[in-house]
Amino acid sequence: MLPPLKTNRLLTAFAALTLAVTASACGGDGPSSPRAEATTVGAPTAGTAFPLKVEHLHGTTEITRKPERIVTIGLSDHEPLLALGHRPVGVVDWFQRTPFTDWPWAKEAWGGVEPTVLGLREDGVKMEKVVALKPDLIFAMYSGIQKEQYDQLSKIAPVVAQPKGFDPYAAPWQEMTLLAGRALGEEAEAKTLIDRIGVKFTEVREANPQWKGLTAVAADSFKAGTYSAFQKGDPKSAFLAELGFTIPERITKQAGRSNVAEFGSEGLNMLEVDRLVWLTTGKEPWARIKNDSVYKELKVAKEGRDLFLTYQDPPIGAALSFNTVLSIPYAIDQVPPLIKK
């Protein structure tokens with residue numbers, strides 16, 4: 001089972017970055033990706049002229065020309081790019097889905113093209129693969145990289161880090177989409193995508209006014225006796241908030257700069273809310289959670305106001321975890337009807 005995402009995920013992957021950069025500088029032509037050469041889908045967009053500059057958490061990046069070989073090391077960075085018609089040549093595999101492109105909301109956008117997987121979420125980015133792909137632009141928005149790693153990564157290609165003003169892994173999907181659009185010279189297109197999804201959320205809230213003022217939490221239990229509640233900046237809780245629910249401040253306060261508040265059975269009263277959404281890898285943990293002696297005494301459990309979902313099969317939990325301009329329409333179709341049951 002996948003443990004909840006922590007803010008230090010992927011950072012250890014940059015330990016060998018200096019070596020990789022040196023190898024790139026000294027070596028000859030590395031292998032290109034035979035599977036993902038074309039990164040732009042359809043006709044070129046008449047967007048902002050290059051060169052352009054974008055601001056992010058670690059400074060300002062200049063992009064001198066329209067990128068043709070994009071690499072994404074953020075866990076969900078590829079999705080706003082796909083929504084804008086760009087197929088990255090390299091990605092990080094968050095959920096180890098095979099093939100990587102087989103998500104119902106993303107499959108059509110990939111068009112049968114498989115990118116190079118640079119590493120798994122738990123193992124980190126294989127930097128020699130990044131170098132070999134010869135990227136002309138790297139996105140590291142949902143990666144949590146620090147300034148030192150950003151500076152080293154910038155020796156390979158221009159890097160777009162996370163939007164400034166937010167904790168790691170806590171930037172809203174709107175900001176991530178806008179930043180991607182700016183970097184690609186397609187900010188107007190990004191705003192259009194955001195507005196369309198905004199309309200969908202408005203429709204859900206208008207159809208379910210009873211949710212306004214109710215509290216909701218997204219939670220996980222990746223091993224026995226350990227529970228996690230996702231704070232309001234986490235994509236899963238942010239999705240619930242846009243449906244009209246309120247995420248309790250006590251969870252966000254306990255999480256601090258992490259995206260989750262973690263506790264044992266003795267802390268399960270933190271999950272005493274109006275709607276509780278469990279997200280787990282497979283259905284196996286469901287019985288364990290329901291049989292926890294403390295959990296069974298919670299009103300939310302006794303009154304059946306808890307909802308159990310899987311990250312995959314069906315991939316509703318993954319859609320909430322990505323919570324991108326690409327995955328949100330799928331999540332909106334799936335989640336509200338289940339909450340209403």
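General remarks:
- Taken one residue at a time, the phi angles of the stretch 123-140 give Karplus couplings (6.51, -1.76, 1.60, θ = phi - 60°) of 8, x, 7, 8, 5, 5, 6, 4, 4, 4, 6, 6, x, 9, 7, 10, 9, 9 Hz. Gly and Pro are set to x.
- Prolate/oblate/rounded call for the stretch 208-340, Cα gyration tensor, a/c under 1.5 rounded: rounded
- Amide H contacts of Thr280 (H built 1.01 Å from N, under 5 Å, at least 5 apart or other chain): Leu309, Thr310, Tyr311
- Cα-based helix-to-principal-axis angle, 17-26 vs the chain, degrees rounded to 10: 20
- Legend: distances between Cα atoms for Lys107/Lys341; Lys223/Lys290; Lys107/Lys232; Lys126/Lys155; pairs beyond 18 Å are Lys107/Lys341; Lys107/Lys232.
- Neighbour counting of Cβ atoms within 10 Å sorts the residues His78, His56, His86, fewest neighbours leading, into His56, His86, His78.
- Per-peptide packing, taken as the mean over residues of other Cβ atoms within 10 Å, places 206-219, 159-172 in the sequence 159-172, 206-219 from highest down.
- 3J(HN,Hα) along the stretch 310-322: 9, 5, 9, 6, x, x, 5, x, 5, 4, 5, 5, 5 Hz, from the Karplus curve 6.51 cos²θ - 1.76 cosθ + 1.60 with θ = phi - 60°, whole Hz, x for Gly and Pro.
- Between 0 and 90 degrees, the angle of helix 328-340 with respect to the longest Cα principal axis of the chain falls at about 0 degrees.
- For the stretch 136-254: rounded, prolate or oblate by the Cα gyration tensor [a/c cutoff 1.5]: oblate
- Within the stretch 245-341, the GluC sites (Glu not before Pro) that combine a DSSP coil assignment with at most 10 other C-beta atoms in a 10 angstrom radius are Glu303.
- Within the chain, DSSP assigns beta bridges of which about 40% are antiparallel (rounded to the nearest 5).
- Each peptide in 312-318, 287-293 receives the mean, over its residues, of other Cβ atoms within 10 Å, and ordering these scores from highest gives 312-318, 287-293.
- Ranked by the mean number of other Cβ atoms within 10 Å of their residues, highest first, the peptides 134-144, 322-332 fall in the order 134-144, 322-332.
- In order along the stretch 231-236, the phi-based Karplus estimate (6.51 cos²θ - 1.76 cosθ + 1.60, θ = phi - 60°) of 3J(HN,Hα) comes to 6, 5, x, 5, x, 5 Hz; Gly and Pro are listed as x.
- Under 5 Å between amide hydrogens, built in the peptide plane, is the criterion, and for Tyr142 it picks out Gly74, Leu75, Ser76, Asp77 among residues at least 5 positions away or on other chains.
- Summarising the amide proton neighbourhood of Leu118: residues at separation of 5 or more, or on other chains, whose placed amide H is nearer than 5 Å comprise Val91, Val92, Asp93.
- Rg ratio (alpha-carbon, reference 2.2 N^0.38 Å) - the chain: 1.00
- Listed by Cβ neighbour count within 10 Å, with the fewest neighbours leading, Thr202, Thr226 appear as Thr202, Thr226.
All of the numbers you see were taken from the coordinates with simple rules; none came from a lab. This is a predicted model, so every value here is computed, not measured. Here Cβ is always computed from backbone atoms with ideal geometry, including for glycine, and neighbour counts include all displayed protein chains.
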